[in-house]
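Undergrad: Sharing a structure below in structure tokens format, with a few things to ask.
A short reminder: the numbers here are calculations on the coordinates, not readings from a lab. Keep in mind that what you see is a predicted model, and the values were worked out from it rather than measured. Backbone-built Cβ (ideal geometry, glycine too); neighbour counts: all protein chains shown.
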Amino acid sequence: MGIAETYTRGRQAAVARPGSIILGLVVAVLLFDLGVGLATGDNSFSGVGSLMWDGLMRGLVIGLAGIGLSMTYSILNFANFAHGDYITAGAFSGWATTYVVAGLGRADIGALFLVGASGSVFGGTLGIGVTGTPLAVVAGALVAGGFTVALAVVIDRTVFKPIRDESGITLLITSIGVAFALRYIMQFVFSSSVRGTTAQPPSVSLYFVDGVVRINAHDIALVVVAGGLMLGVHLLLQLTTLGKAMRAMADNEDLAQITGIPTERVVRAVWIIGGGLTGVAGYMFVLWKGTLGFNDGWLLLLLIFAAVILGGIGSVYGAIVGGLAIGLTASMSVIWIPSAFSRAAAFFVMIVILLVKPEGIFSGRSTA
Amino acid sequence: MRDDVVARIPGGDTGAIVAVLLVIYAAYVLAGVGLGFSLRGQLNTVATLTFFIGVFAMLSLALNLHWGYTGLFNIGIVGFMAVGIYVMALVSKPLYEAGGASQVGGLGLPIVVGMLAGMAAAALLGLVVALPALRLRADYLAIVTIAMSEIVRFSFLSGDFQQFQLFGERVGFGGGSGLILDYTDPIEAFFSVVGLWDAYLGVVDAFGVLIPTNPKPIVDGLVYGALLLGFVAAYFWLLKRTGESPFGRVLKAIREDEDVANSLGKNTNRFKIKAFMLGCALMGLAGVLWFMRSGAVTPNTFRPRITFFIWIALIIGGAGSNTGSVLGGAVFAALLYQGPRTLKNLIDAVLPSTNAPSGFGPAVAPLFSTLDPAPLLFYTLDSVRQLQLVFMGLVLIWLMHNRPEGMLGHRKETAAGIPLTAQRAQKRQAADGGGGDDE
Amino acid sequence: MSDAAESGGLTLGSGGPGIDEEYPLQAEGLRKAFGGITAVEDASFRVERGSVTGLIGPNGAGKSTTFNLITGMLDPDAGTVTFDGEDITGLEPHAIANRGLVRTFQIARELQDMTVLENMMLAPKGQRGESLWRSVTPGVRREVIDQESELLERVWEVLEFFDIDHLAEEYAGNLSGGQRKLLELSRALLTDPDVLLLDEPFAGVNPSLEKRLLEHIHELREQGYTFLLVEHDMDLIMENCGRVIVLHQGQILTEGAPAEIQANEEVIEAYLGGNV
């Protein structure tokens, strides 16, 4: 009876979702290939471990930035293509602060404000890092969050609010306009150069089977900050009335329509929370990778979309899990394919998810 | 309705387009006079302007088929363009020769074959994207198409396709360092095929009267611009016929409500795939025409900003209207794309700035220290290429707030092979007249 | 109207519906669940040729879901739909429509930015110009144009039959609720159907227009068309339908002539129960 039932259910699943089955098979083949590689020594455990760690870090950034995108996507019902440039704006505002705090008196203040545009001052020279200049880093992260909140709220007031009732496509197109305007204003002010922002952070080498996985202080900082903020969002959603209203809106579109939500209050809260997380994510991303350029946020945006869709639009936890999955995919894909295609692999995963399970992994359980 | 009848008067559409073009050219010529351009400079301006009007008009016509007619939200246009020119290069570049300028060769086939191959490849890529993705919501299709265009760019960037063997020939896409387009100049190829190359050279010589030194690049530019306008006309003709037909009617119905079209027995997926592939092929061809004479192409040219340009062009003109698409392309090219650069040249002519600051810092510092705004002004002028993107973004926002339906307002082109109103009205008149005679 | 009367009836299709089987549309054991909620459970019924059959039931009884299952908008979890002796379960909506089973929508879904004429011209089957290459290729396009002229004639006939020819050049989005319903019905007729499924065709229609719509339906029934109507208004159904199917909580409660239904205590209870 039990077996027969399982069999029947399995058969139904196979009929109903052939895509899922194929996807499962592909994943199995890839894992098998990885296993063979490890067994034969073509892949080292420590190498795979390093990639995995790298992917986790990337995933934390994507997940943290994805929360805001996911919330606005579900509550305001449009894909905000300016989100990537909010990330960049957060990063520049935060890093300008860090440079000023860390380098005041040691370099020209203008150069510091412009985050060392065109090589006028270098983060490495200033010894910037979470251990070297902790105060500057904390101040930078706070300003990044605060500035992005202000930016998101102001843009919402001036650009999105007047056309709140239009279709999601109208808003999407408008957000593309916002994205380009923001991006090239930043290029105008901060120049197009990609600058190094940090000194080499201290690191430890963890022994892992056949080699080492290096973990540095900025990895740890990213884990602490991203983990803390994610926990904070969780508590906010579970414990406050605002959180309940947001969950209600994200969970049940019909209910939201009937009860007349989204209220402007909730909308503003969404931009504030989302903007803050996004700005900090941008700051931490730059701290972790050690470089800053005006295209950073845009390049991250499509991966964030991938994560949000993968996790299910509107789901905060989905965004986090989706972020980790996309980060791991982008980093670990080099085991199987040329590194030029690692980003392409993440997009490919997103496209496959859209086809197989367009409602995402966490759909129906949005924010609960 | 009466407006539509007026628009149907022969020359109505063409008339509007020609009028806008004339105004644009007049403005540019005047600007050239202001700049004190020589005849050579003036002709050069006209050629460049014509080139960009041509490519943007073609591309927004193709996008109009996707978005205006069928409601397919494609923001991966640049990917189809890139595939078009790269495949064309692969097919038409000469065979590899050791020691040649190019690291890789092509298949050495005629340029026309390459162009057709580029179109076919873009259409095929469209099919690959469309087969699964057309079932998706519009915003998902948007994300899929833009991700696809980035995948295309990464693929051409990657070392893996830098060079490979095809039919025993050493070919490739050149990777990040780009691909040299070392085939015969397309203009020469074109005139040779029709047997007029010598005549063309004769015309170039005759032009020597006007421009004594090296007239060929100028003539080439003008002729190529005219050729592009010919392609715009062909696109317009093709898409007008497509729109004014039962096929176009189904597309329009899909845009309005796909379920209804489906319930009336139309296989909407088939229609969407066909329309998508046709649009992609036209985008691929526009990509070929844009870049085929540029000497070389690099993958990073094909960034999403080109897609953004085309969307603005279409929205300016008004999605859903072919005439609007052409006008939008022309206005975009003249005002938003070439305009700021021309304006910069104009101001430069009046206020020569030899020492524009190299960055925002040195530009702003004098404003604070000595209240001198000049360096900031010069830096702003110098950064016109970035600032024009800011301006375009603001224009797009303004359009979506104030004129989402574009320049041509709520104009709607009737989707039928015959005028739907005139015929009946005439018949009735005839009938009424007949009745009157009897009495 | 007078045109149609003089010419002895209106030929809408290529020869009118064929009369070869008594029950062209049959549903057998239809079931559909959304998440944990079963919207339709084991629904079996059939629709007699040349009849106006009513499908009634209280709110949430599963009428619209049943319609969607029959017309391929939804795939049933179980059960079959047979049309003209062929199993059409799970076919795409367009494939079903092309066999002659055509629906209208509860909320009239006119194609707003298309004129009434464009709306109507969309409907006919077998349009040569629906092939892209025929529409654009010089020479071949001649055939397309010729067919368009023929279609336009037919469209005008239907518009006149329904007395909406004065609206022909209006954008569908500008029509009143009742006019939209007329447009939907006339558009559906142009697809040359055998059986028409009308989802609440009288909702939001004023009484005089409702009367006209009913006259049209009866006139078309006499020409051999078959109708299945979903309707809320019990009286209207009882007066106009030859047979009535009652859905309640996703199941077929009963089926029969209006008089039988009106006398059926279960039905009365279902309706009253639903109201209390």
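Undergrad: Ignoring solvent entirely, what values of log10 I(q)/I(0) come out of the Debye formula for chain A at 0.09, 0.10 Å⁻¹ when each Cα is a single scatterer?
TA: One equal scatterer on each Cα of chain A leads to -0.55, -0.67.
Undergrad: Further question on the same structure: Please arrange B:ARG241, B:ARG303 by how many other C-beta atoms lie within 10 Å of their C-beta, fewest to most.
TA: Fewest-to-most ranking of B:ARG241, B:ARG303: B:ARG303, B:ARG241.
Undergrad: Can you quote the Å³ per residue value for the convex hull of the Cα atoms in segment B:315-362, rounded to an integer?
TA: 84
Undergrad: Quote the relative contact order of chain B in percent (integer), defining contacts as alpha-carbon pairs under 8 Å separated by 6+ residues.
TA: Result for chain B is 26 percent.
Undergrad: May I pose another question? If you take the beta carbon distance between C:ASP146 and C:ASP75 as r and set R0 to 45 Å, what does 1/(1 + (r/R0)^6) give as a FRET efficiency, to the nearest 0.05?
TA: 0.70
Undergrad: Something else: What helices in chain A pass both tests, a Cα length along the helix axis of 18 Å or more and a mean Kyte hydropathy of 0.5 or higher, using whole DSSP H runs?
TA: A:18-40, A:45-75, A:134-155, A:168-190, A:217-239, A:264-289, A:296-311, A:316-332, A:342-356
Undergrad: Now for a different question. Whole-Hz ³J(HN,Hα) for each residue in segment C:57-64, computed from phi via Karplus 6.51 cos²θ - 1.76 cosθ + 1.60 with θ = phi - 60°, x for glycine and proline: what do you get?
TA: For segment C:57-64, the Karplus-derived couplings read x, x, 3, x, 7, x, 5, 5 Hz, x marking Gly and Pro.
Undergrad: Show the residues, 5+ positions off or on another chain, whose built amide H is closer than 5 Å to the amide H of C:ILE252.
TA: The answer is C:SER44.
Undergrad: Most mobile of C:ILE145, C:ILE37, C:ILE70 per a Gaussian network model of chain C (Cα springs, under 10 Å)?
TA: Of the options given, C:ILE37 has the highest mean-square fluctuation.
Undergrad: Please give the Cα centre distance for segment B:339-409 versus segment C:223-276, rounded to the nearest Å.
TA: Measuring centre to centre over Cα atoms gives 72 Å.
Undergrad: Follow-up. Using θ = phi - 60° and the Karplus curve 6.51 cos²θ - 1.76 cosθ + 1.60, what whole-Hz ³J(HN,Hα) does each residue of segment C:181-186 get, with Gly and Pro shown as x?
TA: Working through the residues one at a time gives 5, 4, 4, 4, 5, 5 Hz.
Undergrad: In nm², what is the average projected area of the convex hull enclosing the Cα atoms of segment C:2-275?
TA: 15.8
Undergrad: For chain A, with the dipole built from +1 on Lys and Arg beta-carbon atoms and -1 on Asp and Glu ones, taken about the Cα centre, which of A:LEU287, A:MET52, A:ILE67 lies farthest toward the positive end?
TA: A:ILE67
Undergrad: Right, next: Taking a 27 Å limit on the Cα-Cα distance, which of the listed pairs B:LYS93/B:LYS240; A:LYS161/A:LYS289; A:LYS357/C:LYS32 fall beyond it?
TA: From the list (B:LYS93/B:LYS240; A:LYS161/A:LYS289; A:LYS357/C:LYS32), the Cα-Cα distance tops 27 Å for B:LYS93/B:LYS240; A:LYS161/A:LYS289.
Undergrad: What list do you get for C:SER208, B:SER263, B:SER358 if you sort them by fewest beta carbons within 10 Å?
TA: C:SER208, B:SER358, B:SER263
Undergrad: At a 10 Å Cβ-Cβ cut-off, how would you order B:CYS280, C:CYS241, fewest neighbours first?
TA: C:CYS241, B:CYS280
Undergrad: Still on this model: Can you give me the long-range amide H partners of C:SER51? Hydrogens built in the peptide plane at 1.01 Å from N, cutoff under 5 Å, separation of 5 or more residues or another chain.
TA: Those qualifying (amide H under 5 Å, at least 5 residues apart or on another chain) are C:PHE227.
Undergrad: How much mean residue ellipticity at 222 nm does the protein assembly as shown get from its helices, if each DSSP H run of length 4 or more adds -39500 (n - 2.57) and you divide by all residues, to the nearest 500 deg cm²/dmol?
TA: -19500 deg cm²/dmol
Undergrad: State the three equivalent ellipsoid semi-axes of segment B:35-303, derived from the C-alpha gyration tensor as the square roots of 5 times its eigenvalues, in descending order and whole Å.
TA: 35, 25, 16
Undergrad: I'd like the distance separating the alpha-carbon centroids of segment A:145-202 and segment A:292-351, in whole Å.
TA: 20
Undergrad: What residues qualify as long-range amide H neighbours of A:GLY211, i.e. H under 5 Å apart, gap of 5 or more or another chain, H built at 1.01 Å from N?
TA: Amide H neighbours of A:GLY211, under 5 Å, 5+ apart: A:SER46.
Undergrad: Provide the per-residue ³J(HN,Hα) series for segment B:305-317, in order, calculated from phi with Karplus coefficients 6.51, -1.76, 1.60 and θ = phi - 60°, each as a whole number of Hz, with x at glycine and proline positions.
TA: 5, 5, 4, 4, 4, 5, 5, 4, 4, 5, 5, 4, x
Undergrad: Tell me the relative contact order for segment A:44-356 as a rounded percent, counting alpha carbon contacts under 8 Å between residues six or more apart.
TA: Contact order relative to length: 37 percent.
Undergrad: Could you work out how far helix B:197-207 tilts from the main Cα principal axis of chain B, as a 0 to 90 degree angle to the nearest 10?
TA: For helix B:197-207, the angle is close to 70 degrees.
Undergrad: D for the protein assembly as shown, whole µm²/s, Stokes-Einstein with Kirkwood Rh over alpha-carbon pairs at 25 °C and 0.890 mPa s: what number?
TA: Using the Kirkwood radius from Cα pairs, D works out to 75 µm²/s.
Undergrad: Also: From the residues C:PRO193, C:ILE145, C:LEU214, which one has its Cα farthest along the dipole of segment C:132-263 in the positive direction, the dipole being from +1 and -1 charges on Cβ of Lys/Arg and Asp/Glu about the Cα centre?
TA: Sorting the options by dipole projection puts first C:ILE145.
Undergrad: Distance between the C-alpha centers of segment B:18-96 and segment B:194-234? Whole Å please.
TA: First find each Cα centre; the distance between them is then 18 Å.
Undergrad: Another question, then. Evaluate the Kirkwood expression for the hydrodynamic radius of segment A:132-250, namely the inverse of the mean inverse distance over all pairs of different C-alpha atoms, and round to one decimal in Å.
TA: Final number for the Kirkwood radius of segment A:132-250 is 18.7 Å.
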